[in-house]
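The values are calculated or read from the model by the stated rules, or taken from the named source; none is laboratory data. A quick note: this is a predicted structure, and the numbers were derived from the prediction, not measured. Don't worry about glycine lacking a Cβ; one is built from the backbone with ideal geometry, like all the others, and counts go over all protein chains shown. All accessible areas refer to the heavy atoms of the entire protein, side chains included, with ligands and DNA or RNA removed. Shrake-Rupley method; radii C 1.70, N 1.55, O 1.52, S 1.80 Å.
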Amino acid sequence: MKLNLKDTFNKALPADPIRENYVRQVPNAAFSYVTPKTPGNPSLIHVSPQMLEAVGLTDQDAKSEEFVKIFSGAEIYPGTKPYAMCYGGHQFGNWAGQLGDGRAINLFEVNQNNRQWALQLKGAGKTPYSRGADGLAVLRSSIREYLCSEAMFHLGVPTTRALSLVLTGDEVLRDMFYNGNAELEKGAIVCRAAPSFVRFGNFQIFSWRQDLENLKKLADYTIQNFYPHLGAPEKETYIALFREVTEKTLRLMIEWERVGFVHGVMNTDNMSILGLTIDYGPYGWLENYDPNWTPNTTDAGQKRYRYGNQATIGVWNLMQLGNALYPLVEDAEPLEEILENYQTDYLPKHLGMMSGKLGLKETSNADFIAELEKLMYQTEMDLTILFRNLSEFDENDAEGFWTKLKEASYSENLEKFKPQWTQVLANYAQKLRAENSEKTERAAAMNRVNPKYVLRNYMAQLAIDAADAGDYSIVDELFNLLLKPYDEQPAAEKWYAKRPDWAKEKAGCSMLSCSS
Ligand code: AMP
Ligand code: MG
C-alpha cells in the first residue's frame, strides 16, 4: 500500500507538547498527538471504490491485511503521526468551551491527482478531548455515517466522504435512549475523508482563549490551502474568507432543503469551514413534509435543529464564526453586512431551488411556493415521491395527476384538501404553459434535482439490523443503489416507496438520540 502523503494541518499549526493521552484543556495548540486504540479483531465490512481510487489506493490494497490494520487503527502508516484536533463550539445555542476530536483521530493527509484528502478514523478510541466518553463508535451509527456521506456526495450535496467501514471486534456499552438501559453493541470505525475537517469551532476556541497568534495562523492556513484565490492574508482577505464561507453555508442549507435532509445537531463544532455536511449523527430524511420535524430526540423539546429552521441556524452559526474572526478584522460592519446578505439571499435562493424542483425556468413567486408547501404539510406529502412523480405532470391534464398525488401522501384526509390541490395544480399548469416548456426536457431536468432514492431512515435501519446479525448485504445494496440516486433503477423499485407503517415510531427510523 503506497500513499502520497502530504500533511498540511499539523505542519502549519502548533502541536500540544504533552504526549500522554488523558483528558485535559489544551491551550496554545491546534491538535494533540494520539495513538488509536488497538482493536480486538478488526475486519473490513465495506469500502467505497470511488474513495479508494481518490486517495490513490487499489482494489488489491483494500483486500490486504495492511488496509484493515491501518484503517482500524491497529497499525500506524509508516512516517505518520495520528492526532486529534482541538476545537470548541456552541452546543444547542450555548457556548460549551473546549470540545475537540473526542472520538476522531486524524491519520494523515494525502495528495492525489492534485486533490488534498485528510483521512480520519471515527471511533478509534480516547483522546485528550474525550471528556467523559469512551472515544468509540457503534456499528449502527457507523453504518449511518458511512452510507450517508457517500449517498450525499452522489446526490450532489457538499459533504465529507467515507473510505471504509470496519468492525473492531470489540463491544461498546451504549445507553441508546439515555434511560438507564445500557447494552453492549458492536464497535465499528469509519474512515472518513475531506480536504479539511476544520470547523467553525476550531476558530472559536482560539478566539475564546484570546490566542490571536494561532487564530491568525489557522485563518492563514485555511486561506492558503482551501481559499488560495483570496490572496495574501490581510484584513480584506479575512473578510473575503468569511464571505465565501457564508455563501457556501447558505448553499449547503438550500441543498439540504432540496433533498429533505435534516442534520439534527447543527452545533458550531459540526459546521465545516468548507461548507461540507459533517458529522452524521442523529440526522434524518424528511418523509411526510413537515418543517417542524427533527429526528433528534435530544432536541425534541426545543426543536432548534428542525428542517425548517436549518437556514436560520446556519446564519446564527455564521455569526459565531464572525465573532471568532473579528479580532483579525477589527471592524464589525463588513462582517454584519455579509450576514445580512445571507438573510436577504435566502428567500430568492429557496424559491429558485423550489422552482427548479418544479421544473420551472423562471423563479416562482413566494406566494405560490408558500401555498404549495402549506398543502404538502397539511396532506403529509412524501417529499421525494411527490417531486419525482411531478416530472410526469401534464399541464393539460392537471386532474390526471390525482393518482400520483395520492401515491405520495401519508394522510387519510387527502380528499378533504382536493379543492386546494386542484387550485395549486391549476396554477402550476398555468405557469408551465406560460413558459411553453417541452415536457420530456422538463422531466429530465426535474429528475436531475429530484432524487428517486434517498437514504430513508428505515432503509438505514434495515441495513443496520441485518449487519448486527452479520449480514452486510443490505449495506452493500444501499451503497450501490445510492451511487445513482437520480437514475431510474427498475430492479430497485421497492426502495421507491413511502415509509412503511412499522417504521413510523421505531427507534432509528423516526427517532434518534445523540448516543452513537
Ligand atoms: P457531536 O455532537 O456528536 O458532534 O459531539 C460533540 C462532542 O462530543 C465532540 O467533541 C465529540 O468528539 C464528542 N464525542 C461524541 N461522542 C463521543 C464519544 N463516544 N467519545 C468521546 N467523545 C465523544
Ligand atoms: Mg461533532
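Just give me the residues in the range 69-100 being within 14 Å of residue 27 (Cα to Cα) and polar (S, T, N, Q), in sequence order.
98 - this is the single residue of the range 69-100 that is within 14 Å of residue 27 (Cα to Cα) and polar (S, T, N, Q).
Go through the range 126-139 and count every residue that is part of a loop (DSSP other than H, G, I, E, B) and open to solvent by 10 Å² or more (accessible area, probe 1.4 Å).
Going through the range 126-139 one residue at a time, the tally reaches 5.
Please go through the range 180-205 and pick out each residue that is open to solvent by 10 Å² or more (accessible area, probe 1.4 Å), modelled with pLDDT of 95 or more and among the hydrophobic types (A, V, I, L, M, F, W, C).
Across the range 180-205, the qualifying residue is only 184.
Pairs, please: C-beta under 9 Å, at least 6 apart or cross-chain, first residue farther than 23 Å from residue 484 by Cα and in contact (Cβ under 8 Å) with a residue 12 or more places away in the chain and in the range 124-151, second in a helix (DSSP H, G or I) and within 14 Å of ligand 1 (Cβ to nearest atom)?
From residues that are farther than 23 Å from residue 484 by Cα and in contact (Cβ under 8 Å) with a residue 12 or more places away in the chain, the pairs are 137/145.
Taking the options 100, 79, 88, 56, name whichever one is under 21 Å from residue 12 (Cβ atoms), away from ligand 1 (no atom under 16 Å from the Cβ) and not acidic (Asp, Glu).
79 is the lone residue from the list that is under 21 Å from residue 12 (Cβ atoms), away from ligand 1 (no atom under 16 Å from the Cβ) and not acidic (Asp, Glu).
Might you let me know whether the range 287-294 holds any residue that is more than 16 Å from ligand 1 (Cβ to nearest atom), of a type in the set (A, V, I, L, M, F, W, C) and surrounded by fewer than 23 Cβ atoms within 10 Å (Cβ to Cβ)?
Yes, the conditions are met somewhere in the range 287-294.
If you go through the range 170-186 one residue at a time, do you hit one that is among the charged types (D, E, K, R) and in contact with a helix residue (DSSP H, G or I) (Cβ under 7 Å, 6 or more places away or on another chain)?
yes
Whether any residue in the range 386-406 is within 28 Å of the chain's Cα centre (by Cα), open to solvent by 20 Å² or more (accessible area, probe 1.4 Å), within 22 Å of residue 308 (Cα to Cα) and of a type outside the set (Lys, Arg) is what I want to check.
no
Within the range 233-256, identify whether any single residue is of a type outside the set (D, E, K, R), more than 17 Å from the chain's Cα centre (by Cα), open to solvent by 30 Å² or more (accessible area, probe 1.4 Å) and more than 16 Å from ligand 1 (Cβ to nearest atom), and answer yes or no.
Yes - at least one qualifying residue is present in the range 233-256.
Only one of 408, 429, 466 is over 23 Å from residue 256 (Cα atoms) and either modelled with pLDDT under 95 or touching an Asp or Glu at 6+ places or on another chain (Cβ under 7 Å) (or both). Can you tell me which?
None of the other options fit; the residue is 429.
Quick one: what pairs do we get from the range 235-260, first residue outside the structural domain of residue 157 (by TED's automatic domain parsing), second outside any helix (DSSP H, G or I) and of a type in the set (Phe, Trp, Tyr), C-beta under 7 Å, 6+ apart or different chains?
Every condition considered, the pairs that remain are 241/227; 244/227; 260/285.
Of the residues 177, 153, 108, 92, which single one is over 18 Å from residue 516 (Cβ atoms) and either open to solvent by 50 Å² or more (accessible area, probe 1.4 Å) or of a type in the set (A, V, I, L, M) (or both)?
Result: 153 is the single residue among 177, 153, 108, 92 that is over 18 Å from residue 516 (Cβ atoms) and either open to solvent by 50 Å² or more (accessible area, probe 1.4 Å) or of a type in the set (A, V, I, L, M) (or both).
Report every pair of residues separated by at least 6 positions or lying on different chains whose Cβ atoms are under 6 Å apart, first residue within the range 17-31 and touching a residue at least 12 places away in the same chain (Cβ under 8 Å), second assigned to a strand (DSSP E or B) and among the polar types (S, T, N, Q).
Hits for this filter: 25/98; 26/32.
Testing residue 256 on (1) at pLDDT 95 or above; (2) more than 16 Å from ligand 2 (Cβ to nearest atom); (3) touching a strand residue (DSSP E or B) at 6+ places or on another chain (Cβ under 6 Å), one condition comes back false. Which one is that?
Of everything listed in (1) at pLDDT 95 or above; (2) more than 16 Å from ligand 2 (Cβ to nearest atom); (3) touching a strand residue (DSSP E or B) at 6+ places or on another chain (Cβ under 6 Å), residue 256 misses just condition (3).
Would you please name the residue that is nearest to residue 176 (Cα to Cα), looking only at residues in the range 280-329 that are touching a strand residue (DSSP E or B) at 6+ places or on another chain (Cβ under 6 Å) and assigned to a helix (DSSP H, G or I)?
The qualifying residue nearest to residue 176 (Cα to Cα) is 297.
Among the residues in the range 20-31, are any outside the structural domain of residue 476 (by TED's automatic domain parsing), in a strand (DSSP E or B) and crowded, with 18+ Cβ neighbours inside 10 Å?
yes
Consider only pairs whose beta carbons are under 7 Å apart and that are at least six residues apart or on different chains; among these, list those whose first residue lies in the range 103-115 and is without any contact (Cβ under 8 Å) to a residue 60 or more places away in the chain and whose second residue is among the hydroxyl-bearing types (Ser, Thr, Tyr) and within 16 Å of ligand 2 (Cβ to nearest atom).
The qualifying pairs are 103/130.
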